[in-house]
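> Take this structure first; my questions come after.
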Amino acid sequence: MTEDTGGEPGGRRTEETFRWPAASDVTADLDLLAARVRGLLEGGEGPLAGAGVALPAICDAAGRVRTWPGRPSWAGLDLAAAFRQLLPGIPVACADDGDLAALAESRAADCRHLLYVGVGTGIGGGIVHEGRSWPGPGRGSCEVGHVVVDRSGPRCDCGRAGCVQAIASGPATLRRAAELRGQETGFAELAAGANLHAPWALTAVDESAGAVAAAVTGICELAHPELVLVGGGFAAGMPGYVASVAAHAERLARPGTDPVRVRPAVLGGRSSLHGAVLLATEAHGQGARPLDGDRLFRRFLSAG
């Protein structure tokens, strides 16, 4: 969570990170969130002008949570009402974290047709077409992590088998590494093993990258982005990860087609946060309305 004064003289940025409790209880979650937000507001300068929320849950057009596998108790929650209570009198807008990350990355990379994939605890991402999020507000988010790449693959937390998230997320890759290594393996140990070219580490990471490349290839057959950016905390911190995705994608290219350009994300692990700031700018300036990528980024960049 951050409060950003927009880079004005004397401005101040405050940030706080926390983990949800292991047990999913929507009332306790909202109480915790309220306490953290109050702490941020007390440490800031001046009133809060607007708020943007990047959310991994699936919501309907009215802003009610349909499902959030990571926090199942949030299903049915009226987000608009919850945030009105949390931030009374402050314009608040919510959107899918992957869609917002893709929009922020598209402008940071100066690319109007882009696919973004974020690899972390889960896999998210989004498509930007003509500078706008696709398929667009009210039509659902772009669920990159739930593209099926192996019908015989492991079961995803969504309940379906073979989603790229079930194969290539950070936790899935670490489980594979532990099986290959024969002992429990954390992120730092896997990264060190990849740096040392340990076979168990390279195999675990390469299989994850191959699954991401398969999803990217399928999406590119439909959307034809000019650029694919791969980010997220796991991908950014794992040696050789993005290069491995690019190599797999190149091998999957059909004859007569241009190879997909795969590059590391521009904004590192903060793509969704940048997108949420843009959404807050929209909420403050115009009220809740469809996200216009070009206009939003011009306003954001001119503000510093």
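The values are calculated or read from the model by the stated rules, or taken from the named source; none is laboratory data. Remember, predicted model here, so these are calculated numbers, not experimental data. Backbone-built Cβ (ideal geometry, glycine too); neighbour counts: all protein chains shown.
> Would it be correct to say that residue 46 is farther than 14 Å from residue 140 by Cβ and either modelled with pLDDT of 90 or more or surrounded by fewer than 15 Cβ atoms within 10 Å (Cβ to Cβ) (or both)?
yes
> Can you confirm whether region 80-94 contains a residue that is over 17 Å from residue 222 (Cβ atoms), in contact with a helix residue (DSSP H, G or I) (Cβ under 8 Å, 6 or more places away or on another chain) and either in a loop (DSSP other than H, G, I, E, B) or free of Cβ contacts under 8 Å to residues at least 12 places away in the same chain (or both)?
For region 80-94, residues over 17 Å from residue 222 (Cβ atoms), in contact with a helix residue (DSSP H, G or I) (Cβ under 8 Å, 6 or more places away or on another chain) and either in a loop (DSSP other than H, G, I, E, B) or free of Cβ contacts under 8 Å to residues at least 12 places away in the same chain (or both): present.
> Give me the residue from region 22-42 that is farther than 15 Å from residue 81 by Cβ and of a type in the set (A, V, I, L, M) and, out of that set, surrounded by the most Cβ atoms within 10 Å (Cβ to Cβ).
37
> Something else about it: Kindly evaluate residue 75 against the criterion of being at pLDDT 85 or above and surrounded by 17 or more Cβ atoms within 10 Å (Cβ to Cβ).
no
> Another question, then. Of all residues in region 228-262, which are under 17 Å from residue 103 (Cβ atoms) and at pLDDT 95 or above?
228, 229, 230
> Please go through region 127-163 and pick out each residue that is in contact with a strand residue (DSSP E or B) (Cβ under 8 Å, 6 or more places away or on another chain), under 23 Å from residue 272 (Cα atoms) and of a type in the set (D, E, K, R).
Once the filter is applied, which keeps residues that are in contact with a strand residue (DSSP E or B) (Cβ under 8 Å, 6 or more places away or on another chain), under 23 Å from residue 272 (Cα atoms) and of a type in the set (D, E, K, R), region 127-163 yields only 143.
> Moving to a separate point now. Out of region 117-140, which residues are outside any strand (DSSP E or B) and either among the charged types (D, E, K, R) or surrounded by fewer than 24 Cβ atoms within 10 Å (Cβ to Cβ) (or both)?
120, 121, 130, 131, 135, 136, 137, 138, 139, 140, listed by residue number.
> Would you check which residues across region 210-248 are of a type outside the set (D, E, K, R) and in a loop (DSSP other than H, G, I, E, B) and list them?
224, 225, 232, 238, 239, 240
> Identify all residues within region 156-165 that are of a type outside the set (A, V, I, L, M), at pLDDT 95 or above and on the phi < 0 side of the Ramachandran plot; write none if there are none.
Hits for region 156-165 are 163, 165.
> Please work out if residue 169 is within 21 Å of residue 236 (Cβ to Cβ) and touching a strand residue (DSSP E or B) at 6+ places or on another chain (Cβ under 9 Å).
For residue 169, the condition - within 21 Å of residue 236 (Cβ to Cβ) and touching a strand residue (DSSP E or B) at 6+ places or on another chain (Cβ under 9 Å) - is met.
> Then there is this: State all residues of region 249-262 that are part of a helix (DSSP H, G or I) and under 25 Å from residue 104 (Cβ atoms); if no residue qualifies, say none.
249
> In addition: Find the residue count for region 144-181, including only residues that are in a helix (DSSP H, G or I) and buried (at least 21 other Cβ atoms within 10 Å of the Cβ).
Within region 144-181, residues that are in a helix (DSSP H, G or I) and buried (at least 21 other Cβ atoms within 10 Å of the Cβ) number 12.
> Only one of (1) in contact with a strand residue (DSSP E or B) (Cβ under 8 Å, 6 or more places away or on another chain); (2) at pLDDT below 90 is not met by residue 99, so which one is it?
(2)
> Here is a check on your reading of the model: is residue 61 modelled with pLDDT of 85 or more, surrounded by fewer than 18 Cβ atoms within 10 Å (Cβ to Cβ) and not β-branched (Val, Ile, Thr)?
So residue 61 does not fit the description; no.
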